[in-house]
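*Asks:* What follows is a structure written as structure tokens; I'll ask about it next.
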Amino acid sequence: MKRKNLMIAIFMLAITLLFLLSPVIKAQQLEETQQTQWSRSTWLYLPAVEGNNSGTVINTTVTLSYPGTGQVIVQSNGQVQSSTLYSMEMAYMVAMLYAGLNYNNYNLKVFINVSDSISGPSGSFGVMLATYGLATGLNTSILHTYAITGAVSPSGLSGPIGGLSEKCSAASSNNLTLAFPVGNLANSGVSNCKKFLPVPGIIYASNEIYKTSQYDININVSKDAEFELAMKNASNQFINQTNKILNEVNSNMPILNNQTLLILNVQQIINYTKTNINLAKETINKDPYASASYAFTAYYYALTANYTIWLYELSLNRGSYLSTFVNNVTQNIINEANNLESKLINYFNLNTLYSQELMATAFSRIADTIYSAQYTQSISSSISNSSLLTIAQNIAYSQARLESALSWAEAAVLSNRTPPFISQGLILSTASAASTYTTTAVNYANSLIDYYISQYTSIGDIADAQILSAMKNDLNYLLSNANSLLSKSYYTAAIGVYEDALQNSLSIIFIITGTNYPFVTSQYATELQSEFNLISSELASRGLQSSIDNSYMSYAKQIMNSEPGSALSIMETAVVDSIIWYLGELSFNNANSVNYITIYSSNNAIDYGMYIIYLAVGIALGALIAMSYVSKTYKKLYS
């Protein structure tokens, strides 16, 4: 009885204490809540070109808040065009990525203090720097001495802009240092700048503007023997196929007869083929991936030469059958691609990071194949002698891309024994993160394409406007395809196609100019290497090391002198490939650093763990010149 009375007394005392202390507990809870809710703001100057072709600087306020849902709000006293909105969304994602934070947990608000309409993305790099400073606790007041312009890329580069002369004048008249993309050093407008700082990207800009401590990160990940073997196999297969096709081309050259220009074109293509075969043979043991890339390029060139001769012969003898032939060939390629996709989608036993990356690449090549073949069908009804080479290139690209997809799939199966082993949860998280990031990049690219199309159309250049329209259709096709795969829980396939769409959008967002200037290309290459090393080190610290993207970087360096534009594109591709998995990890673990130690069994891997104010890429003629380059280099990717 005494025991029972004691228990009752203790219970009543506990109730009394809880009642008395409840206001204190609630206050502590409120205090803790208030501590985890915050909002930080800063302001900066964005230089712009007004509708009367004069320069100005715009005071812009950037506010980062927590907690949030990843929302980005861009406001002004006037209208904000889509190219500005989407570029700011990209800026936010890039800033939070480099801060090592999950952007889905925060919100960003940008207020551009003008009453006119705002268009273009060249304010995005400045907003990205401001957001990065707020997220990492840097002293953002230093931004007040700069006017910052540049179009941010999905990897964090500062892409070339238009109106440099006007922006220089505006910055100088306000005693500001103009920070502009290093790619703009090729422009004469820099002479109007009293104080200026050319920047290639986020890491260089952070070091120079925020005066952060410079660091040197070197990544040395052991090579995957199975991946190296797969690349050697692919190289040998492409070399053998190419030699067979070259023999056929040489025997069929007389068909071209007196077609001097066509003969010269085909002969040049043959020379390119032989050059790449030799490079493939030279590098097959010391750099198998580079060898496979050279061999793939040789195979593509050989196919182009062969299809050119075939199409010319058909145009002579059965001109009316030409379109039917093209449709039949491309349809066969599409059918084979669909069959391969169905086969690979049902392959579920891939548990390593290597195998996932390689299989995702196979799916990206399949998507490329199908779209390219479908596009060729859409233009096959208007084939002329002047377009034979273009049609041949498109068919060759589709066929070579399909062969490449098969080689990547084979590499994925071979590499399924190489750690690190990863969980389905991380794969799902990566697919979802890739969806968000890629959708923003594609919207960003599409808004720029719409701007360029209007510029081309205004001067009557319908042909280039149509090329741009085809690019937009390609991006939307890939994004739609990836969304469909994600909805069906085909996560690996979705990652691959999202990556393909993201890579293709880079050709629109980051317009590489000034590649004839070694200083420009070396600055961008150094920045991309720094970005790659930083992201790769973050992945490696979590046990997610991989040498595949490092192979891309190595190959890009080999072709930097001969093809600087392509080399920079490949380097940025390697960076965004790494970014996709880093985003997946940040989302999966909510931005907490975890080493993904796993135990592997035969069954699974277990985790532990008005005027218009233009903030534009290019204005009028400047944009057209830039886009002529894009039209020529779009989707020039290797195996």
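The values are calculated or read from the model by the stated rules, or taken from the named source; none is laboratory data. Since this is a predicted model, take the numbers as computed values, not measurements. Cβ atoms come from the backbone with ideal geometry, glycine included; neighbour counts cover every protein chain shown.
*Asks:* Would you please name the residue that is nearest to Gln81 (Cα to Cα), looking only at residues in the stretch 449-468 that are assigned to a helix (DSSP H, G or I) and of a type in the set (Asp, Glu)? Give the derivation first.
*Replies:* Initial filter on the stretch 449-468 (assigned to a helix (DSSP H, G or I)): 449-458, 462-468.
From what is left, the residues that are of a type in the set (Asp, Glu) are 450, 464.
Values: Asp450: 11, Asp464: 23 Å.
Across the stretch 449-468, the extreme among qualifying residues is Asp450.
The rows are residues; the columns are (1) assigned by TED's automatic domain parsing to the domain that holds Val74; (2) within 18 Å of Val72 (Cβ to Cβ); (3) polar (S, T, N, Q).
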residue	(1), (2), (3)
Asp116	yes, no, no
Pro121	yes, yes, no
Gly126	yes, yes, no
Thr145	yes, no, yes
Ala151	yes, yes, no
Ser169	yes, no, yes
Asn192	yes, no, yes
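*Asks:* Then there's this: Restricting attention to the stretch 161-205, which residues are among the polar types (S, T, N, Q) and buried (at least 21 other Cβ atoms within 10 Å of the Cβ)? First the steps, then the outcome.
*Replies:* Step one: filter the stretch 161-205 for residues among the polar types (S, T, N, Q), giving 165, 169, 172-175, 177, 184, 187-188, 191-192.
Scanning the stretch 161-205 gives a single hit, Asn184.
*Asks:* Taking the stretch 184-211 on its own, how many of its residues are aromatic (Phe, Trp, Tyr) and touching a Ser or Thr at 6+ places or on another chain (Cβ under 7 Å)?
*Replies:* Qualifying residue count for the region: 1.
*Asks:* Something else: Just to verify a result, which residue in the stretch 338-397, among those that are aromatic (Phe, Trp, Tyr) and buried (at least 24 other Cβ atoms within 10 Å of the Cβ), is farthest from Tyr477 (Cα to Cα)? Steps first, answer last, please.
*Replies:* Step one: filter the stretch 338-397 for residues aromatic (Phe, Trp, Tyr), giving 347-348, 354, 363, 371, 375, 397.
Subsequent filtering for residues that are buried (at least 24 other Cβ atoms within 10 Å of the Cβ) retains 354, 363, 371.
Numbers: Tyr354: 27, Phe363: 14, Tyr371: 8 Å.
Step by step, filter the stretch 338-397, then rank; the result is Tyr354.
Conditions (1) over 24 Å from Ile449 (Cβ atoms); (2) at pLDDT 95 or above, marked per residue:
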site	(1), (2)
Tyr92	no, yes
Phe111	yes, yes
Ser119	no, no
Ala147	yes, yes
Val152	no, yes
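*Asks:* What do you reckon, is Gly68 touching an Asp or Glu at 6+ places or on another chain (Cβ under 8 Å), over 25 Å from Pro160 (Cβ atoms) and among the small types (Gly, Ala, Ser)? Walk me through how you get there before you give the answer.
*Replies:* Numbers: touching an Asp or Glu at 6+ places or on another chain (Cβ under 8 Å): no; over 25 Å from Pro160 (Cβ atoms): yes; among the small types (Gly, Ala, Ser): yes.
Here the answer is no, as Gly68 does not meet what is asked.
*Asks:* Would you point out which residue out of Val152, Val114 is hydrophobic (A, V, I, L, M, F, W, C) and more than 21 Å from Glu531 (Cβ to Cβ)? Before the answer, list the steps.
*Replies:* Numbers: Val152 fails: more than 21 Å from Glu531 (Cβ to Cβ).
Residue meeting the stated conditions: Val114.
*Asks:* Being buried (at least 17 other Cβ atoms within 10 Å of the Cβ), over 30 Å from Val413 (Cα atoms) and of a type in the set (Val, Ile, Thr) is the requirement here; does Ile209 meet it? Working first, answer last.
*Replies:* Details: buried (at least 17 other Cβ atoms within 10 Å of the Cβ): yes; over 30 Å from Val413 (Cα atoms): yes; of a type in the set (Val, Ile, Thr): yes.
So Ile209 fits the description; yes.
*Asks:* On to the next question. Write out, first by first residue and then by second, each pair whose Cβ atoms fall under 7 Å of each other, whose residues are 6+ apart or on separate chains, and whose first residue, in the stretch 64-86, is assigned by TED's automatic domain parsing to the domain that holds Leu97 and more than 19 Å from Asn446 (Cα to Cα) while the second is surrounded by fewer than 16 Cβ atoms within 10 Å (Cβ to Cβ) and small (Gly, Ala, Ser).
*Replies:* Listed by first residue and then by second, the contacts come to Ser65/Ser39; Asn77/Ser115; Gly78/Ser115.
*Asks:* Considering only the stretch 496-504, I want to know if a residue exists there that is closer than 30 Å to Asp216 by Cβ and modelled with pLDDT of 90 or more.
*Replies:* Yes: one or more hits.
*Asks:* Which residues, taken from the stretch 484-523, are in a helix (DSSP H, G or I) and surrounded by fewer than 17 Cβ atoms within 10 Å (Cβ to Cβ)?
*Replies:* The first filter runs over the stretch 484-523 and keeps only residues in a helix (DSSP H, G or I), leaving 484-487, 491-509, 518-523.
Those that are in a helix (DSSP H, G or I) and surrounded by fewer than 17 Cβ atoms within 10 Å (Cβ to Cβ): Ser484, Ser487, Pro518, Phe519, Ser522.
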